[in-house]
Amino acid sequence: MGDLLVPLYTLPEISKKPEQSWTIRKPIPPEKYVITEWVGTHFSKQWQSEVEVALSQNPASCLIAVEDNQMIGFACFNVTALSFFGPTGVSEKARGRGIGLQLLIQSLLEMKHMGYAYAIIGSAGPVDFYKKAVGAIEIPGSEKSIYQGMLR
Ligand SMILES: CC(C)(COP(=O)(O)OP(=O)(O)OC[C@H]1O[C@@H](n2cnc3c(N)ncnc32)[C@H](O)[C@@H]1OP(=O)(O)O)[C@@H](O)C(=O)NCCC(=O)NCCS
């Protein structure tokens, strides 16, 4: 898996669905323990570490998706490296409803407003998701990514 490049000057409009029962918002510091535990349980220790770094910033370098007062997804940016989007994830039960797309576009919009022209998705898993959603392109030679040799 290589890295992807996303132009931030051609981001699609993102509209809230009328029937939408979840919100996408910035977390606040007292929620840190809930969010980091959730990410560790649903995904991995590595992503838990990254979300901890995101939540150590104020304002946090991440967004969360919440439904019925429960966390159902998250997205981080400027955490693994400056200009990087990710990690991101939606709980298995909540996938396929447009939540991952909203988390992605709202995060990329925040990066655009910070002054970035491009974002990088490091070692992207669902490449087709990013290509279709935000016109991401593969970065040649990026297979040796920033994660190379990472301690586990
Ligand atoms: C990738 C992920 C965040 C997408 O979240 P989601 O809420 O299910 O995605 P959405 O419902 O917003 O999907 C938006 C569109 O992308 C498509 N899509 C979603 N996941 C996809 C995938 N893995 N591959 C290709 N297309 C995908 C959907 O079909 C949808 O298309 P449509 O608008 O034509 O219906 C979610 O599947 C996930 O948490 N995966 C595991 C963690 C992961 O891989 N994270 C990315 C690390 S780089």
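Along the charge dipole of region 4-138, pointing to its positive end and built from +1/-1 on Cβ of Lys, Arg, Asp and Glu, which listed residue (N58, A117, A81) has its Cα farthest out?
Going by the Cα projections, it comes out as A117.
Which ³J(HN,Hα) values in Hz, rounded to whole numbers, follow from the phi angles of region 103-114 under the Karplus curve 6.51 cos²θ - 1.76 cosθ + 1.60, where θ = phi - 60° and Gly and Pro get x?
Couplings: 4, 5, 5, 5, 5, 5, 5, 4, 5, 4, 5, 6 Hz.
Any idea what Rg and Dmax come out to for the chain if you just take the C-alpha atoms, in Å?
14.7, 46
Quick one: order S61, S83 by neighbouring beta-carbon count within 10 Å, fewest to most.
Numbers: S61 22, S83 18.
Ranking S61, S83 by Cβ neighbours within 10 Å, fewest first, gives S83, S61.
Given the peptides 15-24, 41-50, arrange them by the average over their residues of other C-beta atoms within 10 Å, most packed first.
41-50, 15-24
Can you tell me the order of 62-71, 110-119 when each peptide is scored by its average per-residue count of other Cβ atoms within 10 angstrom, highest first? Working shown, then result.
Numbers: 62-71: 17.3, 110-119: 15.2.
Highest to lowest by the protection proxy: 62-71, 110-119.
Would you mind computing the Rg to Rh ratio of region 8-47 from its alpha-carbon coordinates, Kirkwood style for Rh?
On the way: Rg = 14.7 Å, Rh = 13.2 Å.
The Rg/Rh ratio comes out at 1.11.
Could you tell me the center-to-center distance, by alpha carbons, between region 1-48 and region 66-145 in angstrom?
Answer, in whole Å: 7.
Under a straight-distance cross-link criterion of Cα-Cα below 29 Å, which lysines are reachable from K112, leaving out those fewer than 8 residues away in the same chain?
K16, K17, K26, K32, K45, K131, K132, K144
Could you line up R152, R97, R25 from fewest to most neighbouring Cβ atoms inside 10 Å?
Working: R152 6, R97 18, R25 11.
Exposure proxy ranking, most exposed first: R152, R25, R97.
The numbers here are math on the coordinates, done by the rules we state, and not lab data. Please read these numbers as outputs of a predicted model, since none were measured by experiment. Cβ coordinates were reconstructed from backbone atoms using ideal geometry, including for glycine residues, and neighbour counts include every protein chain displayed.
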